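Step one of this worksheet: look at the structure below.
Each value in this text was obtained by applying a stated rule to the coordinates, not by laboratory testing. All values derive from a computational prediction rather than experimental measurement. Please note: Cβ atoms are built from the backbone with ideal geometry, for glycine as well, and neighbour counts cover all protein chains shown.
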Ligand code: GLU
């Protein structure tokens, strides 16, 4: 136990939460929770033009959605400009910084080597020769990122800074400020960036890059969190499906990977499917219902119980919650999407229509409307007429669902109810 460990996540609210930033937040949270430390939040909203309240709200919501909690209230850099200016003045007074118009710059002494042991990459050394004088306060009076970052990390007592490789070049500059103020220097660890399938940095070109988009697609938070963590840390043993709590029990910063990982949406989908299978029935139904509603497929005119049963029929067939709606639209509406090719194949022929008429006619007289009685009737009828059951099933499936594939036809028919099934089976015949 190291109860002095303090980490932080420091988002800039200039856009939605990127998957890479979400992973950074997850690892910082894990570092804290695995060692009884503190996980702080800092809002880096110094860019008044690009920072927006709606992005901040969405970022906080997405962090909570992923299952993360933080200690204390987040601090906001936009409320601390006076402090940063005072800190810069302190360095001017001590001859370490100078004014250039309205701006304040830090004087970098050449001829030194700045080195630190990166928690992930090992020793990193930079010559001050290669670092030009650093802006502390810009001419518009706003503080530069590297400067306020150090002022805040020191004040918040941050002991470990885990962030993306895109900040590797900032760290030596930040070390200069730690030295100048005599602040204790934290440990730094830089995580390799997430790459797209083509090996370049994951970006919009590769598809969705924000947590918001994956949430809308119907990924479960636990699955997305699990997947993102695996892009930077490998669990011991074979098991890959691990909850956040389980991960926190075995996570160690030392085990984080220095290798760039490719984002593989197929693997994420596989994992999401596994999480969907594990959801308790009531939660699964609630999530499916919420997804249908947010996708504009009005689930409310279908009785909740029937909807839940329909969703169960498709549980093994979907990898995201969003996939259910288009596969199962015929449960909620009569103007469901129709597979035109299947329609022509199974209902565009005289045999198809004849089989459908025969099946519908027989179903009208069925005593008890259940999937097993419907199935028995179908098999008997096929045998009686010297047909394969498929010759009855394909046209019927097209007529009642508009699809060539899906859950078992007899279960679908039971759930739709006799009246709907017969009405839909008669339509192609008129
Ligand atoms: N606001 C910075 C970012 O979003 C934080 C960098 C850091 O963690 O120091 O990249």
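Starting from the Cα of residue 405, step 7 Å along the direction of its Cβ; do the same at residue 371; then give the gap between the two resulting points in nm.
In this crude spin-label approximation the distance works out to 1.9 nm.
What are the semi-axes of the equivalent ellipsoid of the chain, taken as the square roots of 5 times the eigenvalues of the Cα gyration tensor, listed largest first and rounded to whole Å?
Square roots of five times the eigenvalues give 61, 20, 18 Å.
Using all Cα-Cα distances in the range 48-170, what percent lands in each 10 angstrom bin from 0 up to the longest?
Final binned percentages: 10, 31, 37, 18, 3.
Compute the acute angle (0 to 90°) between the alpha-carbon long axis of helix 265-278 and the principal axis of greatest extent of the alpha-carbon atoms of the chain; round to the nearest 10°.
Roughly 70 degrees between the two axes.
For residue 430 and residue 304 in the same chain, what is the full-extension length gain: residue separation times 0.36 nm, less their Cα-Cα distance, in nm?
Computed gain between residue 430 and residue 304 is 42.1 nm.
By how many degrees, 0 to 90 and rounded to 10, does the Cα axis of helix 389-401 deviate from the longest principal axis of the chain?
Taking Cα atoms only, the helix is inclined about 60 degrees.
Report the FRET efficiency, 1/(1 + (r/R0)^6), for residue 124 and residue 250, where r is their Cβ-Cβ distance and R0 is 25 Å, rounded to 0.05.
0.35
Give me the one-decimal nm value for the distance between modelled label points at residue 113 and residue 315, 7 Å along each residue's Cα-to-Cβ direction.
It is 6.1 nm.
On each of the three principal axes of the Cα atoms of the range 152-218, give max minus min coordinate, whole Å, ordered largest first.
So the extents along the principal axes, rounded to whole Å, are 47, 25, 14.
How would you rank 335-344, 406-415, highest first, on the average number of other Cβ atoms within 10 Å across their residues?
Descending packing order for the listed peptides: 406-415, 335-344.
Relative contact order of the range 325-430: what whole-number percent is it, with Cα pairs under 8 angstrom and at least 6 residues apart? Don't skip to the answer; put the middle values down first.
Numbers: 108 pairs, mean separation 39.1, N = 106.
Rounded, it is 37 percent for the range 325-430.
I'd like the projected area of the range 332-391, averaged over all directions, using the convex hull of its alpha carbons. Report it in nm² with one decimal.
Value for the range 332-391: 5.1 nm².
Going by C-beta contacts inside 10 Å, put 121, 394 in order with the fewest on the left.
Listed from fewest to most nearby Cβ atoms, that is 121, 394.
For the residues 298, 47, what sequence is obtained by ranking on other C-beta atoms within 10 Å, fewest first? Kindly include the intermediate steps, with their values, before the conclusion.
Numbers: 298 11, 47 14.
Listing 298, 47 from fewest to most nearby Cβ atoms yields 298, 47.
What is the spin-label model distance, in nm, from residue 239 to residue 64 if the labels are put 7 Å beyond Cα along the C-beta direction?
Label at residue 239, label at residue 64, 3.0 nm between them.
Bins of 10 Å, beginning at zero and ending with the bin holding the largest distance: percent of Cα pairs per bin for the range 255-381, please.
Taking every Cα pair in the range 255-381, the percentages come to 10, 27, 30, 22, 7, 3, 1.
Just the ratio, please: alpha-carbon radius of gyration of the range 328-430 over 2.2 N^0.38 Å, N its number of residues.
Dividing the Cα radius of gyration by 2.2 N^0.38 Å gives 0.96.
Neighbouring Cβ atoms within 10 Å as the yardstick, rank 149, 378 fewest first.
Listing 149, 378 from fewest to most nearby Cβ atoms yields 378, 149.
Between residue 198 and residue 259, what is the FRET efficiency for a Förster distance of 25 Å, r being their Cβ-Cβ separation, to the nearest 0.05?
On the way: r = 17 Å, r/R0 = 0.68.
Given R0 = 25 Å and the Cβ-Cβ separation, E is 0.90.
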